[in-house]
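Derivation of every value follows stated rules applied to the coordinates shown; laboratory data play no part. All figures in this text were calculated on a predicted structure; none of them were measured in a lab. Here Cβ is always computed from backbone atoms with ideal geometry, including for glycine, and neighbour counts include all displayed protein chains.
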Amino acid sequence: MLRRSALFILILLLLPISTGWAEMAVGLYEAEIPVENQSAEVRRQAVRDALEEVLDKVARSSHEAAPENTLLDRALRQAERYIQQYRYTELGLWVRFDSQAVDELLQQGLSSSGTLLPIEDFLLKVTGIGSLTDYIGVTRYLGSLDSLQNIQPRVVTPDSTLFQIHARGGETTILQRLVNDGVLQRMEEATLPYSFHYTR
């Protein structure tokens, strides 16, 4: 039994973690815009509105505070170039933009009145991980959070994993998603400030 646990932990430490998993809920680089129909003209305007919303979320201050910035204005007119994925929903048009392209756009185009949300790191402990299937489920979910830049397992036990999280906007952005999604349940009396339990 001890050897099996040791082997399981070794597999978890060596298993690569990808941030390109399926999307869950609306994230930092996503927006959902109400539309009247599915015509090309309406879609183009909705995509532009979605990109404008995403730029406002990623930047600390709105790009509208710098009307002289023609780069961002031109990007909005060509918003479809930045699309990673889109689909129609019951509420309207859901769009996810390429996070790297959006970051590069803001880095090039923000005036002195606005800056990108910084990439910060923090520790996140997740209990209830008792098998390789559980571990894959947790890392798939965490990888779906598009504000997350990188994730590394630091301490692995047969029932829990301590992850080091690198995320744009820091723990505030990630924790809000975790609470809203409900995949991981917050452990209020845990020793670490950011401890969650995997509910499967």
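Quick look at the numbers
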read-out	value
Gain on full stretching of the segment that runs from residue 136 to residue 121 - 0.36 nm per residue minus C-alpha separation	3.3 nm
Residue 81-residue 38 pseudo-label distance in nm [points 7 Å out on the Cα-to-Cβ vector]	2.8
Where labels lie 7 Å past Cα in the beta-carbon direction, separation of residue 152 and residue 188 in nm	3.4
Taking 179, 42 and counting other C-beta atoms within 10 Å, the order from fewest to most	179, 42
Cα-based shape type of segment 144-200, given that a ≥ b ≥ c are square roots of the gyration tensor eigenvalues and the cut on a/c is 1.5	oblate
Rough spin-label spacing in nm, given labels placed 7 Å along Cα→Cβ, for residue 199 and residue 89	1.9
